[in-house]
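Take a look at the structure set out below.
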Amino acid sequence: MKFVKPVLLFIAGGLGYVALECLWRGWSHGSMFLAGGCCFLLLGKLEHTSPRLPWPARALMGTLIITSVELLAGLLFNRSYSVWDYRSMPFNFYGQICLPFSLLWMPVSLGAMWLYNFLDSRFHKHPGR
């Protein structure tokens, strides 16, 4: 179960990220599944290491985590700006990340942390599965 649980949580995060992107702009890219899975595991790690952190601090940390993963994914998979292009957005960095979209990650990160805790607790209730 030690190996299966993170894999299932990664898949849940990847699917959630792709679903959000499809709802927002109508399509997604395979790299966003990888980014979403990484974000979900990192947000879960934050929840486990700092569970008493006040929610505004968790939202800020979650935003920094997701924005950092977005930047890394952009630099690896979006060099031609065919996946997304923030070059015309205010306060952008190399067209890969920008402040307006980073601010949207605040509520999303809190929701993802809640979902991570919910799913993680389900795995503890059913250790044989």
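The values are calculated or read from the model by the stated rules, or taken from the named source; none is laboratory data. Source: prediction; values computed, not measured. Positions of Cβ are generated from backbone atoms using ideal geometry, with glycine treated the same way; all protein chains shown enter the neighbour counts.
Here are the numbers:
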read-out	value
Every pair of residues 6+ apart whose Cβ atoms lie under 8 Å, when the first sits in region 36-48 and is without any contact (Cβ under 8 Å) to a residue 40 or more places away in the chain while the second is assigned to a helix (DSSP H, G or I) and among the β-branched types (Val, Ile, Thr)	36/18; 37/11; 38/69; 42/65; 42/69
Yes/no for residue 41 being out of contact with any Phe, Trp or Tyr (no Cβ under 7 Å at 6 or more places or on another chain) and either exposed (fewer than 14 other Cβ atoms within 10 Å of the Cβ) or of a type in the set (A, V, I, L, M) (or both)	no
Condition check for residue 5: on the phi < 0 side of the Ramachandran plot, over 15 Å from the mean Cα position of the chain (by Cα), assigned to a helix (DSSP H, G or I) and among the charged types (D, E, K, R)	yes
Every residue from region 69-83 that is surrounded by 15 or more Cβ atoms within 10 Å (Cβ to Cβ) and of a type in the set (S, T, N, Q)	78
Any hit, region 20-28, residues being among the hydroxyl-bearing types (Ser, Thr, Tyr), under 19 Å from residue 107 (Cβ atoms) and surrounded by 12 or more Cβ atoms within 10 Å (Cβ to Cβ)	no
Criterion: surrounded by 14 or more Cβ atoms within 10 Å (Cβ to Cβ) and either among the basic types (Lys, Arg) or at pLDDT below 95 (or both) - qualifying residue of 87, 58, 52, 129	58
Check on residue 70, at pLDDT below 95 and outside any loop (DSSP other than H, G, I, E, B)	no
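Yes/no matrix, rows are residues, columns are (1) under 15 Å from residue 69 (Cβ atoms); (2) assigned to a helix (DSSP H, G or I); (3) touching a residue at least 12 places away in the same chain (Cβ under 8 Å); (4) of a type outside the set (D, E, K, R):
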residue	(1), (2), (3), (4)
85	no, no, no, no
89	no, no, yes, yes
95	no, no, yes, yes
101	yes, yes, yes, yes
104	yes, yes, no, yes
113	yes, yes, yes, yes
116	yes, yes, yes, yes
119	no, yes, yes, yes
123	no, yes, yes, yes
